[in-house]
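Asks: Pasting in a structure now, in structure tokens, and then I'll have a few things to ask.
The values are calculated or read from the model by the stated rules, or taken from the named source; none is laboratory data. Since the model is a prediction, treat every value here as computed from it, not as a measurement. Cβ atoms come from the backbone with ideal geometry, glycine included; neighbour counts cover every protein chain shown. Note: accessible area is taken over every heavy atom of the protein model, side chains too, but ligands, DNA and RNA are not part of it. Shrake-Rupley method; radii C 1.70, N 1.55, O 1.52, S 1.80 Å.
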Amino acid sequence: MIVLVICAVLLLYGIIQYNYGRKGRGTLVFFFLLTSGFHFLNQSWCPVKYPDFAIVYLMAVAFLNVCKGNTAFFKPQIKIYKIVTIIGLYITLEFVRTIALKEEFLSFALANYRTYIPFFSFWLVQELKEREINRLFKQIAFITILSTVLFDLQPLLNIKFLHHASISESRYRNIPYLAYFFMLWATVRIDFKRWKSVALVLVFLVAIVLTQHRAVMMAYVFCVCLHLLMTKNGGRFVQYGMIGLIVFMFAGEAIMDRFEKEGVNRNTTFEDIQAVVNMDYNQAVYNEFENENGTLSFRVLLLMERVNYMFNNPRYAVFGIGTRHEDSPKTQQQFDFVLGSRRASKGTFDQTSSGDLAWVNPLMRFGFFGIALFLYLSWVTIRFLYRRRNDSDLAMSAFLFYLFLFIISFKNDHLYGNMQVFFVYMLIEYIRYSNVKRVKNVEL
């Protein structure tokens, strides 16, 4: 209850700061609530979900601008934001359709719809001034680096500092999600003459090893190699190779064990691929939950099962099932998929949503038309960042980061996650309003 009061006071503080023109402070409060206190807050401490406070902040700020007649607040300034607006309006229509056709109870449909409201958070960042964007970026960078250091210390101290994901004796899945961006940024900016620069890269690499996420490791290596090819800097190959050698010397055995145990050796890889070819859903279930060796087949077949459902049910194929909620009695009665993301707390697995890959949610809820809109948004965003990749180290890192999210979209749902989407908005504004010299001189 104490945490609830603290969050309510913090929410009020953010709204007041915004109303008095200190919009950067208000935006930091929004991001703090959106990320559950940068993952430091346990949801069991508060009866209200922390992102809901962020949604209230966004709606309150929108209401203030309506009262002031400030229509410019809602106007998208670039093409990316225009597409986001179209997607937001489409999701709103889906919500109305779901209620009008009585396909879902109002409370459940609204609970689902509210999770997409932060898509409009570009309203907050596109009106920030350059110095506010710069300060906000530094604040987020500092907190992310600090939380990554604490993440690395978890095995030594046997303390779970971050509460957004589970940990086990051998794997720590609760890495700060924005660590991926700052890992790439630190790598792009690495200076071997400065020990702090090298140490920062090592901090993030240790975090990656602790997660033991193969897809993340491979995506990172791919992005680094792509960066070297685009910049044509041969000397960097040797420098990055030295970093990789150091990491492999200390963590090589753990990395190899991870790859050999779960689907990379000859026999298990063949079996995993064979399960996909044969569309063997039962084998995928066994590999994922019993043998813990079927990540590829499980995710591919999970998506294919939903795609097949769409083709076999033309009613939902184009526009999806709408804003149906996973916990709704109607959802549980209508859908009976073989594969789904496990819900350990309830002993079941999800039917219409998934945290294991980014494509199930938009496909099921908004159909092939909806997923086409999301793909178009990704294409326009990648093109925007690619064209500006040589403007600065930050611009290059932003491009690599979005590409990184796209690559691991078959591992998690971060690509269209509210936190990542907002941070990409912020990076876009930073690139738009900061000149090359200013960005290159940003220090952590």
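Asks: Any residue in the stretch 422-439 that is over 13 Å from Ile80 (Cβ atoms) and modelled with pLDDT under 90 sitting within a Cβ distance under 7 Å of a residue that is open to solvent by less than 10 Å² (accessible area, probe 1.4 Å) and in a helix (DSSP H, G or I)? List the pairs, counting only those 6 or more apart or interchain.
Replies: Tyr433/Ile133; Val439/Leu394
Asks: May I ask you to list the residues in the stretch 306-342 that are among the charged types (D, E, K, R) and not in a helix (DSSP H, G or I)?
Replies: Arg324, Glu326, Asp327, Asp336, Arg342 - these are the residues of the stretch 306-342 that are among the charged types (D, E, K, R) and not in a helix (DSSP H, G or I).
Asks: Residue by residue through the stretch 348-394, note down the ones that are basic (Lys, Arg) and either outside any helix (DSSP H, G or I) or within 15 Å of Glu94 (Cα to Cα) (or both).
Replies: Across the stretch 348-394, the qualifying residues are Arg365, Arg388, Arg389.
Asks: Any residue in the stretch 79-100 that is free of Cβ contacts under 8 Å to residues at least 24 places away in the same chain sitting within a Cβ distance under 9 Å of a residue that is among the hydroxyl-bearing types (Ser, Thr, Tyr)? List the pairs, counting only those 6 or more apart or interchain.
Replies: Short answer, once both residue conditions are applied: Thr92/Tyr113; Thr92/Tyr116; Ile99/Thr323.
Asks: Here is a further query. If we scan the stretch 36-46, do we find a residue that is in contact with a Lys or Arg (Cβ under 9 Å, 6 or more places away or on another chain) and closer than 21 Å to Phe120 by Cβ?
Replies: yes
Asks: Against the condition over 23 Å from the mean Cα position of the chain (by Cα) and either over 30 Å from Gln332 (Cα atoms) or of a type outside the set (Lys, Arg) (or both), how does Asn112 come out, does it pass?
Replies: It is false that Asn112 is over 23 Å from the mean Cα position of the chain (by Cα) and either over 30 Å from Gln332 (Cα atoms) or of a type outside the set (Lys, Arg) (or both).
Asks: While we're here: Here is a check on your reading of the model: is Leu226 more than 26 Å from Pro51 (Cα to Cα), open to solvent by less than 50 Å² (accessible area, probe 1.4 Å), of a type in the set (A, V, I, L, M, F, W, C) and in a helix (DSSP H, G or I)?
Replies: Considered against the rule, which asks whether it is more than 26 Å from Pro51 (Cα to Cα), open to solvent by less than 50 Å² (accessible area, probe 1.4 Å), of a type in the set (A, V, I, L, M, F, W, C) and in a helix (DSSP H, G or I), Leu226 comes out as yes.
Asks: Surrounded by 13 or more Cβ atoms within 10 Å (Cβ to Cβ), within 20 Å of Phe423 (Cβ to Cβ) and not small (Gly, Ala, Ser): which single residue out of Leu64, Leu58 fits that description?
Replies: Leu58
Asks: Go through the stretch 298-313 residue by residue and tally those that are modelled with pLDDT under 90 and farther than 11 Å from Trp359 by Cα.
Replies: Number satisfying all stated conditions: 3.
Asks: Within the stretch 138-152, which residues are among the small types (Gly, Ala, Ser) and either touching a strand residue (DSSP E or B) at 6+ places or on another chain (Cβ under 9 Å) or under 16 Å from Leu427 (Cβ atoms) (or both)?
Replies: Ala141
Asks: State yes or no: is Tyr13 of a type in the set (Phe, Trp, Tyr), within 22 Å of Ile133 (Cα to Cα) and open to solvent by 70 Å² or more (accessible area, probe 1.4 Å)?
Replies: yes
Asks: Name, by its number, the condition in (1) in contact (Cβ under 8 Å) with a residue 40 or more places away in the chain; (2) open to solvent by less than 30 Å² (accessible area, probe 1.4 Å); (3) aromatic (Phe, Trp, Tyr) that does not hold for Tyr402.
Replies: With respect to (1) in contact (Cβ under 8 Å) with a residue 40 or more places away in the chain; (2) open to solvent by less than 30 Å² (accessible area, probe 1.4 Å); (3) aromatic (Phe, Trp, Tyr), Tyr402 is out only on (1).
Asks: Suppose we filter the stretch 30-52 for residues that are outside any loop (DSSP other than H, G, I, E, B), in contact with a Phe, Trp or Tyr (Cβ under 9 Å, 6 or more places away or on another chain) and open to solvent by 10 Å² or more (accessible area, probe 1.4 Å); how many remain?
Replies: 3
Asks: Between Arg173, Arg194, Arg135, which is farther than 19 Å from Phe31 by Cβ, among the charged types (D, E, K, R) and out of contact with any strand residue (DSSP E or B) (no Cβ under 8 Å at 6 or more places or on another chain)?
Replies: Selected residue: Arg194, the only one of Arg173, Arg194, Arg135 that is farther than 19 Å from Phe31 by Cβ, among the charged types (D, E, K, R) and out of contact with any strand residue (DSSP E or B) (no Cβ under 8 Å at 6 or more places or on another chain).
Asks: Quick one: is Ile143 within 24 Å of Ser36 (Cβ to Cβ), modelled with pLDDT under 90 and buried (at least 16 other Cβ atoms within 10 Å of the Cβ)?
Replies: No, not satisfied.
Asks: Being touching a residue at least 24 places away in the same chain (Cβ under 8 Å), more than 20 Å from Asn412 (Cα to Cα) and not aliphatic (A, V, I, L, M) is the filter here; which residues of the stretch 143-166 pass it?
Replies: Hits for the stretch 143-166 are Ser147, Asp152, Gln154, Pro155, Phe161.
Asks: Taking Phe204 as meeting all but one of (1) open to solvent by 30 Å² or more (accessible area, probe 1.4 Å); (2) touching a residue at least 24 places away in the same chain (Cβ under 8 Å), write down the number of the exception.
Replies: (1) is the only condition that Phe204 fails.
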